[in-house]
Each structure stands twice: as C-alpha cells, then as structure tokens.
Amino acid sequence: MKLEEMTWPEVEKYLENGSGILLPTGSIEQHGPIGLIGTDTICAREIAWCVADKCDAIAAPEIAYAPASFNMGFPGTVSITPDLFVQLAGEVVDSLIHHGFDKIYILNGHGANLAPLVEMAKHRTAQIRIRSWWDFDEVNRLRAAFFGDWEGMHATPSEVAITQHTHRVIPSDGLLPPRKLSSAYIRAHAGDKHAGPVEHRSDFPDGRVGSHSGLARPKYGKQLLDAATESIAADFRSFIS
C-alpha cells in the first residue's frame, strides 16, 4: 500500500493491527550518460513498493532531495545540505511517529544519506532501521555475477539496470568503460566522500565513478529488483515482529 493513495480511515485501521512503515530515501543527481537523474530515488521507491505489497505494509512517499554537492557540476543535480536533510528526514519521521508508526524502516538508495540518517535516528523515540537496498547477500551475489569490478561506485550498472526494468532504456552504443578504480580509492570514498563539484567533474567527466553502466540490462534489473524485494521483505518482517 502507498501512503499517498490511502484515506485517513484506512491508515487508522492499519494502525490498529500494526505500526511498521517503509520510508524510501534517494537523491536527485546525475547518474552518468545513460542513467536517469532520479536513479537512487527510483530504485529505493520501486523496491519499497514491492516490499510493501509482499508484506501487506505501507510505503511512505520517498524523500528524494538529499546531499549531492559533489555532483553539482552536472546539470539536473539538486543538492541540499546534510543538516537540512537531517531536519527534513527528522520532521517526516516525527509526523509518522505522531500518528502511531513506531517501527520505521528506512530503505535507502544514496550513499551520502547514510551518515545524516544515522544522526537523525539517534534523536527519535521510535525504532528505526536503516538499510540500503544493496546491503543484502543475494543482491551482492548478483551484482558481482553480472558486473564484477565494473560495478564501481556511482552510476553503477546494477542501479541503472533496475531503472531500465522499471522505466526506460537509454541506448549505450559506443559507451566505453570508465577509468577503473583501485580498491583503496573505493574504501576511501565510500559513502560518497568525493571532492567538490569542479574537481569531481574534472576527474570523472561523464559522471561515472568506476562504473560501467553500459553493461546494464533490463533483465538484470528485474533479477536485482526481485532479489532485493525478497531480502528486504524478510528483514522488514523481522524488524516489525
């Protein structure tokens, strides 16, 4: 069930028997030459909708605006400060808590959201679980099988594949692999710890950070979406039980 498509009596009825809710978080930022601007948001939202259906639960509308300052050198990116994101996410969560949702499962699709979300959750009375859709063993097994080291860090073929399955495919003819990253670089920049927008675009001119999104295929996206749904549904059920 989607919260925005319910009436208040339906929500009130739901809260008589359960208090768990899914809250997707993503970003609005460039995702390379064939990735949609809303890729992070789309992935988290689509998976959350599938999990909600599978678990007979509610998915709240996604929080799409997020910290993405390193990508402001690319048209279409919208970035807010981490402090504002903490405040925005906190006020959304507080509204849910006010109505009786006391088990809030945040399903994340953007690395730079993680530290602010953890900070926000420290100051809330509800139980809050924060997971990114790629945190699960079966999802990572598929990512490795499909893309290997070319999964990279940003504009990944796995997330682009999910949007190809759920939305549209942008032709990738002639799209060459980007510069491959070292494992040391990936460790040092986890959580979207990148340089400022000018330097970042200079270092990664087409927006991909070690990710060969040209390997994405809709059929891979469907398998990744299904695997994430199964894994997260199990985790959500455990959380609310």
If the chain between residue 141 and residue 180 were fully extended at 0.36 nm per residue, the gain over the current Cα-Cα distance would be 12.0 nm
Magnitude of the charge dipole, the chain, Cβ model with Lys/Arg +1 and Asp/Glu -1, debye to 20
600 debye
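What is the sum of charges around residue 129, taking Lys and Arg as +1, Asp and Glu as -1, for the other residues whose C-beta is under 10 Å from the C-beta of residue 129?
On the way: positive: 103, 131; negative: 235.
The answer is +1.
May I have the count of lysine pairs in the chain with C-alpha atoms under 18 Å apart, counting pairs 8 or more residues apart or located on different chains?
Number of lysine pairs found: 8.
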Sorted largest first, the Cα spans of the chain on the principal axes come out in Å as 55, 36, 30
Expressed in nanometres to one decimal, the distance between label points 7 Å along Cα→Cβ at residue 190 and residue 203 is 1.7 nm
For the stretch 164-194, list residues with backbone N below 18 Å from a point placed 7 Å from the Cα of residue 53 toward its Cβ?
164-168
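With N set to the number of residues, divide the alpha-carbon radius of gyration of the stretch 41-166 by 2.2 N^0.38 Å and report two decimals.
This ratio for the stretch 41-166 stands at 1.12.
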May I ask which residue of 167, 118, 224 lies farthest towards the positive end of the charge dipole of the chain, with charges of +1 (Lys, Arg) and -1 (Asp, Glu) on Cβ and the Cα centre as origin?
224
Could you state the number of Å between the C-alpha centres of the stretch 21-62 and the stretch 205-228?
15 Å
Residue-level accessible surface for residue 134, protein heavy atoms, 1.4 Å, Å²
60 Å²
For residue 12, the accessible surface traced by a 1.4 Å probe with all protein chains present amounts, in square angstrom to the nearest 10, to 110 Å²
Residue 5: accessible area at probe 1.4 Å, nearest 10 Å²?
130 Å²
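Based on Cα coordinates alone, diagonalise the gyration tensor for the stretch 133-241, multiply each eigenvalue by 5, take square roots, and list the semi-axes in whole Å, largest first.
Values: eigenvalues 134, 67, 29 Å².
Its equivalent ellipsoid spans semi-axes of 26, 18, 12 Å.
What order do 65, 185, 105 take when sorted by accessible area (1.4 Å probe), most exposed first? Provide the component values of the computation, followed by the final result.
Values: 65 125, 185 55, 105 0 Å².
Order by accessible area, largest first: 65, 185, 105.
The values are calculated or read from the model by the stated rules, or taken from the named source; none is laboratory data. Not measured: the values here are computed from a predicted model. Neighbour counts run over all protein chains shown; Cβ positions are idealised from the backbone, glycine included. Accessible surface areas use protein heavy atoms only, side chains included; no ligands, DNA or RNA. Shrake-Rupley method; radii C 1.70, N 1.55, O 1.52, S 1.80 Å.
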